[in-house]
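> Structure in structure tokens, see below.
The values are calculated or read from the model by the stated rules, or taken from the named source; none is laboratory data. Everything numeric in this text was worked out from a predicted model, so none of it was measured. Reconstructed Cβ throughout: ideal geometry from the backbone, glycine too, with neighbour counts over all protein chains shown.
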Amino acid sequence: MGEKKMISVIVPVYNEEKNVPLFYEKVLPVLNSLTYDWELLFVNDGSCDKSIVELEKLEKNDSRVRVIDFSRNFGKEMAMTAGINFCHGVACIILDADLQHPIEKIPEFIERWEGGAEVVIGIRKKNKGEGLVKKVGSYLFYKLINQISEMKIVTRATDYRLLDRVVIDEFNLFTEKNRMTRALVDWLGFRREYIYFEANERIYGVPAYNFWKLLRLAFNSIISFSLLPLRLAGYLGAFITLFSGVAGFYILLGKYFFHTHFASTFSDSENLAILIVFLVGIILISIGLLALYIANIHVEVENRPLYIIRKTKKK
Ligand code: UDP
Ligand code: MG
């Protein structure tokens, strides 16, 4: 009785030895100003520098700091997942260790949550010092995924988020292996609110997410949130079959029945080519059909819950 509720702050860490002490120093006054108890949960994602030494130092000196240490680098998505799995708070806030997510916004996230939001999402206004490739890439990614998937993702939404305990509990039921944490959180629904912030520049170290890593993440999320790529073969096949079928039929009739001049200009090998294209179209259609079955299996294997119920909160 009378005990304060706890907020968990989850921080994925990969090669941030210089940022870790700085982060702690800066986040401490912010967390202490809250009217909640807090825990600071670092997930060391197989860093190959001295991050773990720094983290263990903090853990030793401050009982509110906890460290999860991965055996190797599993990627930020898994680090965040582990943090969400292991946090104890009535809500958790996820943010980057490199101070790019402004920590002074933490109280604002909490205010929104107190006001009834179950998910509070940080939206980047614009990224200082972001390369053109990354800018264009992320623009295209959001355009594409919003076009082809059944679920809408807000452009520039970041991993800087607050999740209520009800959301955490639902999130912990996901079993899929290839995951984009923020997309899964979006899939869950719940009452959401947005906070706009300007991302800071990274002070120490380099961003771990290079072009290829981001591209892979983008591919994975497109595949797990849309079945369109699977169906494409079928659509293409239908188009080819229809087109070459009509052409072949037209030439066949023209050549042998109506003896039109146009049809007789096609040589035998050209006719053969049309026949082959027609058959390729049929093969593609068959692949498309197979894809429909695979799509079914895909959904079954993902094993997402059929629906999410917002539990009545006991407060
Ligand atoms: N990170 C991680 N595992 C990785 C890559 C990154 O835990 O494999 C962490 C990293 O330490 C940082 C956050 O994820 O706290 C964001 O990484 P980064 O700054 O490299 O990405 P960006 O800011 O470009 O999105
Ligand atoms: Mg960063």
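> For segment 101-123, name all the residues that are buried (at least 21 other Cβ atoms within 10 Å of the Cβ) and within 15 Å of ligand 2 (Cβ to nearest atom).
The answer is HIS101, GLY122.
> Among the residues of segment 80-130, how many are in contact with a Ser or Thr (Cβ under 6 Å, 6 or more places away or on another chain), farther than 18 Å from ARG64 by Cβ and assigned to a strand (DSSP E or B)?
Result for segment 80-130: 2.
> If I filter segment 172-186 for residues that are in a strand (DSSP E or B) and more than 18 Å from ILE123 (Cβ to Cβ), do I get at least one hit?
no
> Follow-up question, since we're still on this one. Quickly run through segment 41-88 and pick out the residues that are crowded, with 22+ Cβ neighbours inside 10 Å and more than 13 Å from ligand 1 (Cβ to nearest atom).
Listed by number, the residues that qualify are ILE84, CYS87.
> So, of the residues in segment 1-22 that are within 20 Å of ILE203 (Cα to Cα) and out of contact with any helix residue (DSSP H, G or I) (no Cβ under 8 Å at 6 or more places or on another chain), which turns out to be nearest to ligand 2 (Cβ to nearest atom)?
Among residues in segment 1-22 that are within 20 Å of ILE203 (Cα to Cα) and out of contact with any helix residue (DSSP H, G or I) (no Cβ under 8 Å at 6 or more places or on another chain), the one nearest to ligand 2 (Cβ to nearest atom) is ASN19.
> Ok, one more. Is it true that some residue in segment 214-225 is in a helix (DSSP H, G or I), closer than 25 Å to GLY115 by Cβ, out of contact with any strand residue (DSSP E or B) (no Cβ under 7 Å at 6 or more places or on another chain) and of a type in the set (D, E, K, R)?
Within segment 214-225, not a single residue is in a helix (DSSP H, G or I), closer than 25 Å to GLY115 by Cβ, out of contact with any strand residue (DSSP E or B) (no Cβ under 7 Å at 6 or more places or on another chain) and of a type in the set (D, E, K, R).
> Still on this structure, please answer the following. Quick check: anything in segment 92-112 modelled with pLDDT of 80 or more, over 20 Å from TYR36 (Cα atoms), among the β-branched types (Val, Ile, Thr) and within 12 Å of ligand 1 (Cβ to nearest atom)?
No, the conditions are met nowhere in segment 92-112.
> Could you check LYS126 against (1) at pLDDT below 85; (2) under 20 Å from LEU217 (Cβ atoms) and say which number it fails?
(2)
> Let me confirm something: among VAL20, VAL53, VAL9, VAL67, which residue is assigned to a helix (DSSP H, G or I) and under 28 Å from the mean Cα position of the chain (by Cα)?
Criteria check complete, one pass: VAL20.
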